[in-house]
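K.L.:
This structure is in C-alpha cells; I'll ask about it shortly.
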Amino acid sequence: MTATWPADRLVGLYCQMYLVRRFEERCLELSRKGLIPGSIHLCIGQEAAAVGAASALRSDDLTVATYRGHGHVLARGIDPRAAFAEVLGRQTGLCKGRGGSMHLTDMSHGVLPPNSIVGAGLPIATGAALAQLHKGADRVVLCSFGEGTLNQGGAHEALNLAAIWSLPVIFLCENNQYSEMTPAYQMIKGDSFATRVAAYGMPTTKVDGMNVQAVAEAVAQAVTRARNGEGPSYVEADTYRFLGHYQGDPGTSYRPVDEINYWRARDPLLLLAAQLSAEAGMDMRLKAEEESIEVALDTAQQAALDDPLPLRDDVWEGLYAAG
Amino acid sequence: MQQVRDKVDTGSSVAAAVHEMTYAQALNRALAEELERDPSVIVMGEDVGAYGGVFGVTRDLQARFGPRRVLDTPISETGFLGCAVGAAMCGLRPVVEIMFVDFTLVCMDQIVNQAAKLPFLTGGQVRMPIVFRTQQGARPGTAAQHSQCLEALFAHVPGLRVLAPATPADAYGMLKAAIRSDDPVVYLEHKALYATVGPVRLSEYIVPIGMSNTVRSGSHVTALTYSAMVPVVLSAADALAEDGISVEVIDLRSLAPLDEAAVLESVKRTGHVVVIHEGWRRGGYGAELAGLIQELAFDWLDAPVGRMGARDVPKPFSPVFDSVYLPTKDSVISALRSTLC
Ligand SMILES: Cc1ncc(C[n+]2csc(CCOP(=O)(O)OP(=O)(O)O)c2C)c(N)n1
Ligand SMILES: [Mg+2]
C-alpha cells in the first residue's frame, strides 16, 4: 500500500461504505417486519471489499456480483430507491420486481445480473470481457465471489478461459472465512486459495479486506493490467461477514465468539473513521455526511414502500424479446 | 461445399438459386452467411476452429473469419457456455457448438438457470441472443451417453426456444432464424441427418421460429413428428397410402414455441393423431402434445392420442436392440393403423 490517501478521497469511500451498511441494516429491519419476502444475504462487515473495488472502476466498466452483492451494486452508483423497490418486489424496482435482493441489475450503470448460483458469475464475466475485446473497447469486468466459490468446477473453467484468452477481468475473491456455515479451510487442502488460481497463469494478490484503501489500490493495479491488454488478475480480500449467511441465520452457532469479536473490532467503517479522526473537525464532518445519507435513504425507502406492485397480468414481461 | 450443384428454382418468382447440399453443408452455409452479414456473430466450441468441427459443420469458417470470431475452446462446457451468456448480454450473438446433446448435462446451469432466466429476472434489461447448437439421436453403434434425445427437457423450460430441423433446407433456414433471434435457442441437429442431401434455397430463406411444416397432406390421421423421425414417418405414410389410408404428416420443426394452430387444425380435421419421436416416451414431448390436444380438441377426437417414442431405457449398444429401442417404419405403420380401428 502506498501513502495514506488525502482525507477527501477517503471520506468519499467512507460515505459509500456507510450507504451500503445503512441500506442493508434497513433491509434487515424491513425483512424482520415481513416486508421483504424471501432471503437476503447481507455483506455487513465486507463493505470495504465492495466499495474499494468499485472505486477502482471507470463508470463504463462492468460488474458481475453475487447474491451477497448489495455493496457491489450500490457502489456503482445505482439509485437506492430502485434498489429498495426491487428487494420489496415493486414494479419500480431495478428488475421490475422479477429478481429481488439476489439479482439487483442495472445495465445502465454497468451492473450485470448478480447470480445466486455459486460460481456461475465467473464464466459470465469472461464473456462480458470477451465482448469488450471484440468491440475494441477498453472496459474491464470486475467479478466478485466468495472463497467457497473456488470449489466450484465452473469457476475454474472460467479462470482458465480468462487466462488463455487474456481477458480483461478482475477476479475479486471476498474471503469471509465461511461458505454458508462451513469453515473455508476445512474444504481445501492447505491454506491458500490464491495458489490454486496462480496455477492458471495470472497474478494473485492478498489484501486486508477491512482496509478500503488497500482493496482499492490492489484492484486498481489489476484494472490497469486488464485495461492494458495484459489479461486477468486475482485479488483476494480477507474479510468477515458480521451477521449470518442470510437473515435467518444468527451466525453464532458455528463461529466462535472470540473470532466474531476479533473481526468486529476491525470493522472497516470504524477503522477508517478512527484513521480519519486525526484530522481536525473530521468527526463533525463524518457525522454530517452520515446524516445526509440517512435522509436520502429515508426518502428512498419510503418512496419504494409507496411504489406500486407489478400487475399480475404482466407476469410474462421480459421473458422473450418483443415480437 | 465444393461439390454443391447449382440449379435454378423455377417454382419461385424470385429467382433464388437452389442448391443440392447435405444437412451439414447447409448448416455451414448458414453460419458463414450470418458471420458475413453481422459482425457481432461469433462461433465457439470444441474443435470448431482449425479442425472445422467433429461433424464438419464449422469447416473453413475460422480460416475465413479469423480466430477471434470462430473460437476453439477448452473442454469446459460450463466455462464457454457461460462465456457465451456474458457475451450475449454485452452485444455479441454467440453460436455455441456443444458436440453432443449428452454433454449439455454438464453445463445445464448456464442454459437453464442463466440463459433462460436472466432476461426475465432482470425485468427485460438484458437480451440473450445465443444459439446452443448441438446434435442428438441414436445411430447404430452408439451407446447410452452419445445417443439421447433431450428436447423434452429443454422445451420444459420457459425462456428457451427449441428447434429441431429435419432437412437441409430447414437446417439452413432455421439456423438463420435462430441466429437472428434475440432469445436463447437450443438448436437440435440430428447426427443421422448430417449426410442427407436435399435442395436448399439460399440467401434469404428464413424459417420463422414457431412454424411447422405439413410435409404430407392427408385426411384420415395426423402424424406429428420432427427431426430424424420425419423420413421414417413419411415412408410409413407412403406404405399406408397403398392401402387407402391417408396420413397427414406434420414436421413440427419448432418445439418451443409450438405451432399450436396448425396442430389443432389438422387434428380437428382428421380426428385421429399419433405423435412419433425419438425421445423417451415417458414424459416425452409427445406427452405435452397429448395433453394439449385433449384440452383443446377433445370433442373432435375419435380415438385417444397415440404416443410413440424410444423405449424407456438407456440406448443399448448392441445393434440387435436397435429395432426395439426406436420407433421404426413398421411400428409406425401399425400405430397409425390401430388408431383408426
Ligand atoms: C451451485 C450452488 N450450490 C450451492 C448453493 C447454496 N449456497 C448459497 S451461498 C453458499 C456459500 C457460498 O460461499 P462463498 O462462495 O464463500 O460466498 P459467501 O456466501 O461466503 O459470500 C452456498 C453453498 C448455491 N446457491 N449454488
Ligand atoms: Mg465465504
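Since every read-out is calculated from the coordinates, none of them should be taken as a lab result. Everything quoted here is computed from the prediction, not taken from an experiment. Methodologically, a virtual Cβ is constructed for each residue, glycine included, from the backbone with ideal geometry; neighbour enumeration extends over all protein chains shown.
K.L.:
For region A:1-156, report the % of Cα-Cα distances exceeding 24 Å.
P.N.:
So the pairs more than 24 Å apart make up 34 percent of the total in region A:1-156.
K.L.:
Mind checking the full-extension length gain between A:Met107 and A:Ser277? Use 0.36 nm per residue of separation minus the Cα-Cα distance, one decimal, nm.
P.N.:
Taking 0.36 nm per residue and subtracting the Cα distance, the gain is 57.5 nm.
K.L.:
Next question. Return the Rg/Rh value of region B:17-201, two decimal places, where both radii are evaluated on C-alpha atoms and Rh is the Kirkwood radius.
P.N.:
Looking at region B:17-201, the ratio lands at 0.94.
K.L.:
May I ask you to derive the relative contact order of chain B, considering only C-alpha pairs under 8 Å and at least 6 residues apart, and to give it as an integer percent?
P.N.:
15 percent
K.L.:
Also, I was wondering about something else. Measure nothing fancy, just the Cα-based angle from helix B:260-270's long axis to the longest principal axis of chain B, in degrees from 0 to 90, nearest 10.
P.N.:
So the helix axis and the longest Cα principal axis differ by about 20 degrees.
K.L.:
Set Lys and Arg Cβ to +1 and Asp and Glu Cβ to -1, take the dipole of region A:42-97 about its Cα centre, and tell me which of A:Ala54, A:Phe84, A:Leu74 lies farthest positive.
P.N.:
It is A:Phe84.
K.L.:
Restricting to bridges with both residues inside the protein assembly as shown, how much of the DSSP beta-bridge set is antiparallel, in percent to the nearest 5?
P.N.:
Antiparallel: roughly 25 percent of the beta bridges in the protein assembly as shown.
K.L.:
Can you check how the C-alpha radius of gyration of region A:139-202 compares to 2.2 N^0.38 Å, as a plain ratio?
P.N.:
Compactness ratio reported: 1.13.
K.L.:
What is the gain in length, in nm to one decimal, between B:Met211 and B:Leu296 on full extension, counting 0.36 nm per residue of separation less the C-alpha to C-alpha distance?
P.N.:
28.7 nm
K.L.:
Measuring from label point to label point, each 7 Å out along Cα→Cβ, what is the A:Met284 to B:Ser331 span in nm?
P.N.:
Distance between label points: 8.8 nm.
K.L.:
So how many Å³ per residue does the convex hull of the Cα atoms of region B:219-290 work out to?
P.N.:
Hull volume over Cα atoms, normalised by residue count, gives 79 Å³.
K.L.:
What's the magnitude of the charge dipole for region B:188-269 around its Cα centre, counting Lys and Arg as +1 and Asp and Glu as -1 at the beta-carbon? Answer in Debye, nearest 20.
P.N.:
The dipole of region B:188-269 has a size of about 120 debye.
K.L.:
Restricting attention to region A:152-235, which GluC sites (Glu not before Pro) occupy a DSSP loop and are surrounded by at most 13 other Cβ atoms within 10 Å?
P.N.:
Passing both the DSSP loop test and the Cβ count: A:Glu180.
K.L.:
From the C-alpha coordinates alone, can you work out the Kirkwood hydrodynamic radius of chain A, in Å?
P.N.:
Taking the inverse mean of 1/r over all distinct Cα pairs, chain A comes out at 20.1 Å.
K.L.:
Turning to a different aspect of this structure: Can you tell which of A:Gly248, A:Gln301, A:Pro268 lies farthest toward the positive end of the dipole of region A:179-323, using +1 and -1 charges on the Cβ of basic and acidic side chains (Lys, Arg; Asp, Glu)?
P.N.:
The residue sitting farthest along the positive end of the dipole is A:Pro268.
K.L.:
Same structure again: Given DSSP loops and a limit of at most 15 other Cβ atoms within 10 Å, what is the longest stretch of chain B that contains no such trypsin sites (Lys or Arg not before Pro)?
P.N.:
B:69-281
K.L.:
To continue, here is another question. Which residue fluctuates the most in chain A, going by a Gaussian network model with Cα springs under 10 Å, if the choices are A:His103, A:His70, A:His245?
P.N.:
A:His245
K.L.:
Over chain B, consider all pairs of different Cα atoms and compute the Kirkwood hydrodynamic radius from their mean reciprocal separation; express it in Å, one decimal.
P.N.:
In chain B this quantity evaluates to 20.5 Å.
K.L.:
Out of all Cα-Cα pairs in region A:133-172, roughly what percent, to the nearest whole number, are more than 15 Å apart?
P.N.:
45 percent
K.L.:
Could you list the square roots of 5 times each eigenvalue of the Cα gyration tensor of region A:266-314, that is, the equivalent ellipsoid semi-axes, sorted largest first and rounded to whole Å?
P.N.:
Semi-axes (√(5λ), whole Å): 38, 13, 5.
K.L.:
Still on this model: Of all beta bridges DSSP finds with both residues in region B:17-201, what is the antiparallel percent, to the nearest 5?
P.N.:
If we restrict to bridges inside region B:17-201, about 20 percent are antiparallel.
K.L.:
Something else now. Springs between alpha-carbon pairs under 10 angstrom, Gaussian network model over chain A: which of A:Val64, A:Val111, A:Val257 fluctuates most?
P.N.:
A:Val257
K.L.:
Another question about this same structure. Would you work out if region A:49-124 is rounded, prolate or oblate? Take a ≥ b ≥ c from the square roots of the eigenvalues of the alpha-carbon gyration tensor; rounded if a/c is under 1.5, else prolate when a/b is larger than b/c, oblate otherwise.
P.N.:
Cα axes put region A:49-124 in the oblate bin.
K.L.:
Right, here's the next one. With r defined as the distance between the Cβ atoms of A:Lys135 and B:Asp312 and R0 fixed at 45 Å, what FRET efficiency is calculated, to the nearest 0.05?
P.N.:
The pair A:Lys135/B:Asp312 has a calculated efficiency of 0.40.
K.L.:
Would you calculate, for chain B, the mean residue ellipticity at 222 nm contributed by helices, counting each DSSP H stretch of 4 or more residues as -39,500 (n - 2.57) and dividing by all residues, to the nearest 500?
P.N.:
Computed ellipticity for chain B at 222 nm equals -9000 deg cm²/dmol.
K.L.:
Name the most mobile residue of A:Gly251, A:Gly190, A:Gly231, meaning the one with the largest mean-square fluctuation, in a Gaussian network model of chain A with Cα contacts below 10 Å.
P.N.:
A:Gly190
K.L.:
In chain A, what percentage of the DSSP-assigned beta bridges are antiparallel, given to the nearest 5?
P.N.:
Once the DSSP bridges in chain A are tallied, antiparallel ones form about 10 percent.
K.L.:
Using amide H atoms built in the peptide plane, which far-off residues or other-chain residues are under 5 Å from B:Arg216 H to H?
P.N.:
Under 5 Å from the amide H of B:Arg216 lie the amide H atoms of B:Val249, each far enough along the sequence or on another chain.
K.L.:
Here's something else I'd like to know. For chain A, what does -39500 (n - 2.57) per DSSP helix run (n ≥ 4), summed and divided by total residues, give at 222 nm, in deg cm²/dmol to the nearest 500?
P.N.:
Helices in chain A give a 222 nm mean residue ellipticity of -13500 deg cm²/dmol.
K.L.:
Computed over the Cα atoms of region B:172-255, what is the convex hull's projected area averaged over all directions, in nm²?
P.N.:
Mean shadow area of the hull around the Cα atoms is 6.3 nm².
K.L.:
What fraction of the Cα pairs in region A:209-281, stated in percent, has a spacing above 20 angstrom?
P.N.:
Tail fraction, whole percent: 52.
K.L.:
For chain B, find the longest principal axis of its Cα atoms and tell me its angle to the long axis of helix B:229-241, 0 to 90°, nearest 10.
P.N.:
Computed tilt is about 30 degrees.
K.L.:
Would you work out the relative contact order for chain A, in percent, from Cα pairs under 8 angstrom that are 6 or more residues apart?
P.N.:
23 percent
K.L.:
Quick one: 3J(HN,Hα) in Hz for region A:33-42, Karplus 6.51/-1.76/1.60 with θ = phi - 60°, rounded, Gly and Pro as x.
P.N.:
Calculated HN-Hα couplings, in order: 7, x, 8, 9, x, x, 8, 10, 10, 8 Hz.
K.L.:
In chain B, once you exclude exposed GluC sites (Glu not before Pro) (DSSP loop, at most 14 other Cβ within 10 angstrom), what's the longest stretch remaining?
P.N.:
B:1-203
K.L.:
Let's test the formula: R0 of 51 Å, r as the Cβ-Cβ distance of A:Asp79 and B:Ala17. What FRET efficiency results, to the nearest 0.05?
P.N.:
0.40
K.L.:
Sticking with this one: Would you mind estimating how fast region B:251-341 diffuses translationally, via Stokes-Einstein at 25 °C and 0.890 mPa s with the Kirkwood radius over Cα pairs, in µm²/s?
P.N.:
Taking Rh from Cα pairs, D becomes 175 µm²/s.
K.L.:
Okay, next question. Working only with C-alpha atoms, what are the Rg and Dmax values of the protein assembly as shown, expressed in angstrom?
P.N.:
Using the Cα atoms of the protein assembly as shown, the pair Rg, Dmax is 28.3, 102 Å.
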